[in-house]
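This report concerns only the one structure given below.
Derivation of every value follows stated rules applied to the coordinates shown; laboratory data play no part. Here the structure is a predicted model, which is why all the values come from computation and not from measurement. No Cβ is skipped: glycine too gets one built from the backbone with ideal geometry, and neighbour counts run over all protein chains shown.
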Amino acid sequence: MFNNAKGNYGNLLKIKVFVFISLAVLNPNYGNHCSDVTMVTSTILDINDGIENNYPQQIIKGIVTDEAGIPLAGANIVEKGTTNGVTADFDGNYSIDISDGNATLVVSFIGYTTKEVAVNGQTTVNIALEESSTGLDEVVVVGYGTQKKVSLTSAVASVNGEDLRKRTVTKIEQSLQGNVSGLTVQDLGGAPGTSRMNLRIRGVTTLSGNNEPLVIIDGIEQPLTNINPNDIESLTVLKDASSTAIYGSRASNGVVLVTTKRGKEGKVSVSLNSYYGIQKSNNNPVHMGLEDYMRMQNIAWTNSSGSPIYTEEYIQEYINATDRIKYPLPNTWFDGDFLKNAPQTSTSVTISGGTDKMSSLLTVRHLDEDGIIPHSNANTTDIRFNSDFQVHPKIKISSDVNYRYIHAANPLDPDRVTLDMLQRSQWIVPKYPDGTYGVSSDGRSPLMYADLAGANNKYQNYFLANLKGEWEIVNGLKFTMQYGIRTTLDKQKRYSNKFEIFAYQDPSKRLVNNPINSLIEDRNDDRETTLNALFNYSKTFGGHDFNMLAGYSEIDHTESILSARRQNFYSNDIQSISQGANDATKDNGGSDLEWRLRSYFGRLNYSFLNRYLFEANIRYDGSSRFASGNEYSTFPSLSAGWRISEEEFWSGLKETVGEFKLRGSYGKSGNQAVAPYSYLATLNAQNYSFGGTAVQGYRQTLLANRDISWETTTQTDIGMDLTMFKGKISLTADYYHKKTEDILLIVPVPATLGLQSTARNTGRVDNTGWEFSLGLRNDYGDFKVDTNFNFSINNNEVDDLAGTGPYIQGGNESRFITKEGLPIMSWWGYKTDGYFQTPEEVAGYPKIIASAQPGDVKFVDNNGDGVINPDDMVYLGESFPKYNFGANLNFTYKPFTLSMLFQGAAGYNARLGGALAEMGIWGGFTHEVTGDYWTPDNPNARFPRPLKFDLRNIIMSDRDLLNGNYLRLKNIQLEYRLPKSLIDVVGIQSANVYLATTNLLTFSQLNDFDIDPEERVSGRAQTYPQTSITTLGVNINF
Amino acid sequence: MKYLRHRLLIIFMIAIFANCDDNFLDTPPNDRIVSEFFWNSDNDAIMASNALYPFLLQDAMNFAMWDAMSDIGHVTLQWRQESIIERGFHNAASPTIARIWSFAYEGIQGVNIFLANVDDFVPASPSLIERLKAEMRVIRAKQYIDLAMLFGDVPMPTSELTLEESLVLTRTPVSEVWDFISSELTSAAAVLPTTASQTGRITKGAALGLKTRALLYAGRYNEAAEAAKEVIDLGVYHLYPSYENLFTYDAQNSSEVILDRQYTQNVNQSNIYDLTTPNSLWPQTNDFVPTKLGVDIYKMANGKDIIDPSSGFDPNNPYSGRDPRLGYNIFTIGSVLPNGLIYDSRPGSGTGDAVGSSENSTFSGFNVKKYLTPEDSSNPNNCGINLILLRYADVLLMYAEAKVEANDIDQSVLDAINEVRSRPDVNMPAISGLSDQAELRQIVRDERVVELAFEGLRYFDIKRWKIAENLTGTIFGMTYENNDGNLTTIELTGFNKAFNKDRDYLWPIPFNELVLNPNLTQNPGW
């Protein structure tokens, strides 16, 4: 494998190091991560310290710069015809041992023209690379292939893996936030090991729920979540129809293409990427002060029942008390130690290298996340082995294997902990001195729940095998065959403990009794195979460039679910399903599902003089989700580009504007996101019993739709790419119009039909928008600036619901409407006009509740009919951001790099519900902001008069909507590159350390309530708390 | 040669993995039954009928909530939709209203689909199929009774409905709905057996009993009395000797039960215990509690009203010497709980039942006792006790009421009432020598509320008697001796039970139905 004899010794050492680190990473008892990393690192130093080179050799040194003499850190220097190569350090310095004084060095760097330099016996060779005109050679991954960036005619954004890896995130989606124009990433938080990320490319196109883009990793559809960020070579987002049509029926929400790293010809290299981070709760709501709270409660009780609940003496006694066991504070969860700071560690080691016959890359990663609520943590182990075999000069076989194991442990229902914390745990002493849990009057406590209720363990085994053969049949004609198998085995064990809580004051009194323990165990086995066969032909003659692709693809997806339940285990520690009572209480269930896709597709690229560019795509897709006759549909696209900067007349401008391209595209893509078997009238099992004996029953519950078919998105895109001042300024702008027709919509049907609705092809949704991406980079001597700004606007509108609708979902907590002329899922409710101020005003205006008083919300009688009822509800705002923006700022000064990522969204509203909005109506968390409530003395208050047990003022209205706009410093990172002089001693090629923090700064109206602007699912803020993480990390390349 | 070998490698890959099956896209399900392959045998018809039995009653909530929205009960948690209705704050968009409407039509369409398909095959036993059809028609009629009572004029599909048809349905006048219910139940009763072949299946008596109820609700008193008489004359129904045990597992399927919603633990269970149990037994929900009105209506055991000075009522000992059914139906201070402890709802008593001790404690000082059985206490959401939908005592009282309202008063009216009052462990004094319509009307109404409390009937009774608007206002709870030794009555200040006589006798047609079907009209006042 290692044909360079001199490399052997070093390589062996590296392998030892790798094995050592891998063992450390994978060690299940990998307890104290921080010290382990230190230990591993120091071991490496020891090993490398001992390297003595016994062979006589010639050392060539030098510096690689650009034309202006600025060092090019990271440039590759390879001895021609060998695998012997090195990388230039931060100052552009390199040092290479060569075997032959007449060798030739091949020097390359992205964005620069590769140069070959003969050594000719010199010992110092300085090399200046020429900037290739605006990255002409830069290649972008597109559907079933790659294309030169300059010849692209479609709207494609790409991010390189290095930029993604820079941000310390547990989910790769987080690092896409703010990095790609037109891509909205909503991070909805979640317990460790679970992911709740929403990705939307150019808005929401369908009403049926599936708006997630198609994610293709190395040619196989795979989940993006949990992929090791260190494995990513590049990530491409396909946005317009011209680029996505080749994926036909799954592409209407856009496509994300990920390419993983592969071993490269050259010396074996090992790199280590490790960090240690501390997560802390990002938003800690502040409870109203004790006295204020008691007085507000008195007003609320008085308003509702005529008399206060606390006497003045009691209030004084309470606030002056020091014994907070006898006089507990209202809600202490957020300022106590319940939400703990939780560590997170990640270590990823990559070993890669190869010869001209074979190359490989092996990555091992271990991620350990502790949750900020007790008993929640997750760990992930990921192993990837990508290999390439050049079995013949014209035949290459690749084989990738990826295995991932995730174990997430949480309290029985982690969201319930937050729910109890906010809604149901007023006046609790979390734990009494003797260890007894304090519980609320209805037997709740988040701490008790987290500690005692039980455990929810999720295990996932993910396997991927990806086999690929490439055969260059004749020059220019290539055949590629790919077969991938993806299997996910999910196991979930939800164990509910039996437990009791007795009163601290009176241990004979049982406050909580959960007398039966039980286990629900689920197994989900999900398997998908993909077969791709592609012919690629390219031909160049004269100024003509042809590129053709013809392909065939098959996907077969099966899923099977098995679940079992038993109860009455001997004790809470016995948690195996067989140990529960073997009687009528045991239960099991399951389901099976299969869907398939068969597709034929092709692409033609033609360019003339590298100046006039054309592309056409077509895909003919068949899906098993539709009845015969509706199975197949065709998705074509066309696009063209004109590189004006290549025209003769541009030559004068070429110095300033090196690249200027106009492009346009038009095409169709589809969505088959309808539940399998929807076209069949199926009968569901329904239990009943006669005289205590169970009987079987079957009944049709869903409306069958035999005509169900594809949803089609037609998209037009006009864009331009501009590069000025040799790449110092780059600008991409796009305008698009996306029209989605025959939307697969679960149309509400009259309840009188007596069957639940299934998806129907109904209606049309329009998305139009603009996307801008501006890159600015410059060097001022030692100070380098590299920034990228992106901004996108998306206008969403339901165009046509084919005579149906409007569809109103939700209720007083949060109500949405999907109606022609409005954005999908707009907020829908009453308009308000402040608060009633006087009895006369109350008397003179219609009321939602007859007993309204001054201080109650004045709901507007919109239609003026003298009553307030659902007919008065109106559009209140959008629920999905209209504007998205991001700024990625990188400043480098000598060995320091400061990176900041700002990210935000605007043009939408969020709604707050539950305790935070309800002003202590029940015994829930009462935020201090609600202290500004209406009284006769405070008529211009922000909140209405307090009431007890009365939701009249919390009816879904514009009053409860908050401006959702936010801007946040998503990530800030300071990186320090260790000086060469220091690491040279230990034989390390490069090393840097960094300190980073996420979500450090947020500007948002939701800050008033200490709600994370990105968490906006239910508005109750009762999901797993979001965190900010501060990390210290190292990247080392050996 | 080597080159060829490698080429073959690639070709083999295609051969191994490519699927040349023309039916590749044909993936029939194996985890569900497709309608086209069903409806082949008598057994399929039986299974299809089984699946429609749950439409007798959606769930325990739909059993317990009605009386809580009436004068004798109260919904504890004010965020509950039922509380919103109790206070008159509901409107056409209220989810509970939509839920009740949807459930009824789901049952109706289920039966219509059954009737449309059950003749698709040649049955082995034609009489079985006829019987099943009759059972299903009774289930459909039951849905229409609920709809007619709550909404008045309603769409009345009587055969399988397509989506297109459902979008243009119009409301059928309620009198025609009653006509349909009556004729359906009459013809079903002609087919159904007197004794069920399988416990819990619908019988002739169930069809006639529901017919009685429907006709009574419709105000067709003569016909109602006739139907009740038919049930009585079947001779198979008798009062269960113990009222106290009637709502326990012991009395399930007794000869008093005419129609019930059958439940079985772990198979087909309800949460009745969870819904109504006192907070001290199960500190979770306790959704529905009785009011002072619902307690004071029980007379003294001597038959006298408690406000009658000669009744012997002792305000300091208010629960002794009363109609025994008070103690069987309601927990009052001093009652023994199923766990053996004493129920003490006095504020500050230190028990979970103390008024004001939590959001989930009783607000009135009373709790419902009916259907709380020790067997269900260990897992309150897994109750197997059947909930009775129609029992013989109801039929007797409906007979009496129909005769009184028709002013056809004879000894059989008094006999029917007295039969109910003379159940061994009730043993209330017999009514005799009365013939005044107004007086008897009040007697039979009072008898209904104490006999049938918390069985889901009171809300409908006060609506059809048009007395609902008189039973509103502030809710009161128990009267107890406070720490100073004075009698205090719990008052739920600020809580106003509301009923607008110009609007609330009918619920609004659900808002979404009106949006989807322009042919539907709204009820007055909504």
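How many Cβ atoms of partner chains, on average, are near each residue of A:753-759 if near means within 10 Å of its Cβ?
Partner Cβ neighbours, averaged per residue: 6.
Excluding same-chain residues fewer than 8 positions from A:LYS468, which lysines have a Cα within less than 27 Å of its Cα?
Within the straight-line limit of under 27 Å, A:LYS468 reaches these lysines: A:LYS148, A:LYS149, A:LYS239, A:LYS261, A:LYS264, A:LYS267, A:LYS357, A:LYS394, A:LYS396, A:LYS478, A:LYS539, B:LYS2.
How would you order A:969-976, A:429-436, A:235-242 from highest to lowest mean count of nearby Cβ atoms within 10 Å? The partial results should precede the final answer.
Details: A:969-976: 19.9, A:429-436: 13.2, A:235-242: 28.5.
Order by mean packing, descending: A:235-242, A:969-976, A:429-436.
Expressed as a whole number of Å, what is the distance separating the alpha-carbon centroids of region A:503-568 and region A:288-319?
That distance is 52 Å.
May I ask for the angle, rounded to the nearest 10°, between helix A:33-49 and the longest principal axis of chain A, with both axes built from Cα atoms and the value confined to 0 to 90°?
Here the helix axis deviates by roughly 10 degrees.
Note down the nm distance, to one decimal, between modelled labels 7 Å out along Cα→Cβ at A:ALA118 and at B:ASP446.
Placing both labels 7 Å beyond Cα along the Cβ direction yields 12.4 nm.
Any aspartates and glutamates with Cα under 20 Å of the A:LYS739 Cα? List them, leaving off those in the same chain fewer than 8 positions away.
A:GLU212, A:ASP240, A:ASP621, A:GLU711, A:ASP717, A:ASP766, A:GLU771, A:GLU797, A:ASP799, A:ASP800, A:GLU820, A:GLU878
Over chain A, what is the relative contact order in whole percent, taking alpha-carbon pairs under 8 Å and six or more residues apart?
Numbers: 2782 pairs, mean separation 114.9, N = 1038.
Once divided by the residue count of chain A, the mean separation gives 11 percent.
Peptide B:490-501: average number of partner chain Cβ atoms within 10 Å per residue? Don't jump to the answer; show the numbers that get you there.
Details: counts 0, 2, 2, 5, 12, 4, 3, 0, 3, 0, 1, 0.
Taking the mean over all residues of the peptide, I get 3.
Let me test this: with uniform point scatterers at the alpha carbons of the protein assembly as shown, what is the Debye-based log₁₀ I(q)/I(0) at q = 0.05, 0.06, 0.08 1/Å?
Here the Debye-derived log intensity ratios amount to -0.50, -0.71, -1.16.
Compute the FRET efficiency between B:ILE342 and B:SER378 as 1/(1 + (r/R0)^6), taking r as their Cβ-Cβ distance and R0 = 25 Å, and round to the nearest 0.05. Display every interim value, and only then the final one.
Working: r = 21 Å, r/R0 = 0.84.
Taking R0 as 25 Å, the efficiency between B:ILE342 and B:SER378 is 0.75.
Grab the other residues whose beta carbon is less than 15 angstrom from that of B:PRO374, score K and R as +1, D and E as -1, and report the net.
On the way: positive: B:LYS369, B:LYS370; negative: B:GLU244, B:ASP250, B:ASP274, B:GLU375, B:ASP376.
Every neighbour counted, the sum reads -3.
Please give me the summed charge of the neighbours of A:ILE708: other residues whose Cβ is under 13 Å from its Cβ, Lys and Arg +1, Asp and Glu -1.
Numbers: positive: A:ARG625, A:ARG706, A:ARG760; negative: A:GLU631, A:ASP707, A:GLU711, A:ASP742.
Taking every Cβ under 13 Å from that of A:ILE708, the sum is -1.
Pop a pseudo-label 7 angstrom from the Cα along the beta-carbon direction at both B:SER175 and B:ASP484 and give the gap in nm to one decimal.
Between B:SER175 and B:ASP484, the label points sit 6.0 nm apart.
Given the -39500 (n - 2.57) contribution per DSSP H run of 4+ residues, what per-residue ellipticity at 222 nm results for chain A, rounded to the nearest 500 deg cm²/dmol?
Details: 12 runs with 109 residues, N = 1038.
One gets -3000 deg cm²/dmol as the mean residue ellipticity at 222 nm.
Take B:SER197, project a point 7 Å from its Cα along the Cβ direction, then tell me which residues of region B:107-138 have their backbone nitrogen under 11 Å from it.
B:124-133
Quick one: 3J(HN,Hα) in Hz for region B:152-158, Karplus 6.51/-1.76/1.60 with θ = phi - 60°, rounded, Gly and Pro as x.
Karplus values, whole Hz, x for Gly and Pro: x, 5, 9, x, 10, x, 10.
For chain B, what is the relative contact order in percent, using Cα pairs closer than 8 Å and at least 6 residues apart in sequence? Provide the component values of the computation, followed by the final result.
Numbers: 887 pairs, mean separation 99.2, N = 526.
With pairs under 8 Å counted, the relative contact order is 19 percent.
Quick check on region A:172-224: take the gyration tensor over C-alpha atoms, sort the square-rooted eigenvalues as a ≥ b ≥ c, and tell me if it's rounded (a/c under 1.5), prolate or oblate.
Numbers: a/c = 1.25, a/b = 1.09, b/c = 1.14.
Verdict is rounded for region A:172-224.
What share of the DSSP beta bridges in the protein assembly as shown is antiparallel, in percent to the nearest 5?
Numbers: 397 of 408 bridges.
Close to 95 percent.
Which whole-percent values make up P(r) of region B:44-145 when all C-alpha to C-alpha distances are grouped in 10 Å steps starting at zero?
14, 36, 24, 16, 8, 1
Run the quick spin-label model on A:ALA321 and A:ASP799: label points 7 Å from Cα toward the beta carbon, then report their separation in nm to one decimal.
Simple spin-label model gives 6.5 nm for this pair.
Projected onto the charge dipole of region B:393-526 (+1 at Lys/Arg Cβ, -1 at Asp/Glu Cβ, origin at the Cα centre), which of B:VAL404, B:LEU471, B:PHE499 gives the Cα projection farthest towards the positive end?
So the residue we want is B:PHE499.
Let me check I've understood the local charge: for A:THR935, count other residues with C-beta under 12 angstrom from its C-beta, Lys and Arg +1, Asp and Glu -1. What total comes out? List each step's numbers first, then the result.
Details: positive: A:ARG295, A:ARG945; negative: A:ASP932, A:ASP937.
My count for the surroundings of A:THR935 gives 0.
Sort out for me the Cα centre separation of region B:420-465 from region A:829-902, rounded to whole Å.
53
Which value, in debye to the nearest 20, describes the size of the charge dipole of the protein assembly as shown about its Cα centre when Lys and Arg Cβ atoms bear +1, Asp and Glu Cβ atoms bear -1, and nothing else is charged?
Numbers: 134 positive and 182 negative charges, 730 e Å.
Around 3500 debye, computed over the protein assembly as shown.
Just the projected area, averaged over all directions, of the convex hull on the alpha carbon atoms of region B:329-472: how many nm²? Walk me through the numbers before you get to the answer.
Working: hull surface 43.8 nm².
The Cα convex hull of region B:329-472, projected and averaged over all directions, gives 10.9 nm².
Can you give the FRET efficiency for A:GLU130 and A:TRP770, using 1/(1 + (r/R0)^6), R0 = 45 Å, r = Cβ-Cβ distance, to the nearest 0.05?
Working: r = 35 Å, r/R0 = 0.79.
So, using R0 = 45 Å, E works out to roughly 0.80.
Between A:PHE535 and A:THR558, 0.36 nm times their residue separation minus their Cα-Cα distance comes to what? Let's see the in-between values first.
Details: separation 23, 0.36 × 23 = 8.28 nm, distance 2.82 nm.
Extra length available between A:PHE535 and A:THR558 comes to 5.5 nm.
For A:PHE880, B:PHE476, which order do you get if you count the other beta carbons within 10 Å of each Cβ and list the fewest first? Don't skip to the answer; put the middle values down first.
Numbers: A:PHE880 23, B:PHE476 18.
Fewest-to-most Cβ neighbours within 10 Å comes out as B:PHE476, A:PHE880.
Which shape class applies to region B:149-294: rounded if a/c is under 1.5, otherwise prolate when a/b exceeds b/c and oblate if not, where a ≥ b ≥ c are the square roots of the Cα gyration tensor eigenvalues?
Numbers: a/c = 1.76, a/b = 1.28, b/c = 1.37.
Oblate, because a/c is 1.5 or more while a/b does not exceed b/c.
Once you average over the residues of A:439-447, how many Cβ atoms of partner chains fall within 10 Å of each Cβ? Walk me through the numbers before you get to the answer.
On the way: counts 1, 4, 10, 11, 7, 2, 0, 0, 0.
Mean inter-chain Cβ contacts per residue within 10 Å come to 4.
Work from the charge dipole of region A:873-962 (Cβ charges, +1 for Lys and Arg, -1 for Asp and Glu, about the Cα centre) and give the residue of A:GLY914, A:SER879, A:GLN903 farthest towards its positive end.
Working it through, the farthest residue towards the positive pole turns out to be A:GLN903.
If you take the charge dipole of chain B about its Cα centre, with +1 on Lys and Arg Cβ and -1 on Asp and Glu Cβ, which of B:SER320, B:ASN519, B:THR488 is farthest toward its positive end?
B:ASN519
Give me the percent relative contact order of region A:360-495, please, defined on Cα pairs under 8 angstrom at least 6 residues apart.
Working: 297 pairs, mean separation 31.6, N = 136.
Value for region A:360-495: 23 percent.
Share of antiparallel DSSP beta bridges in region A:169-300, in percent to the nearest 5?
Working: 13 of 17 bridges.
Of all bridge pairs located within region A:169-300, approximately 75 percent are antiparallel.
Compute the Cα gyration tensor for region A:172-292, then decide on rounded, prolate or oblate, letting a ≥ b ≥ c be the square roots of its eigenvalues: rounded whenever a/c is under 1.5, prolate when a/b is larger than b/c in the other cases, and oblate in all that remain. Kindly include the intermediate steps, with their values, before the conclusion.
Working: a/c = 2.99, a/b = 1.27, b/c = 2.35.
Verdict is oblate for region A:172-292.
Name all residues of region A:399-428 having a backbone nitrogen under 16 Å from the label point set 7 Å from the Cα of A:LEU290 along its Cα→Cβ direction, giving them as ranges.
Correct set: A:426-428.
Calculate how many DSSP beta bridges within region A:907-1006 are antiparallel, expressed in % of all such bridges and rounded to the nearest 5.
Values: 15 of 16 bridges.
Of the beta bridges lying entirely in region A:907-1006, close to 95 percent run antiparallel.
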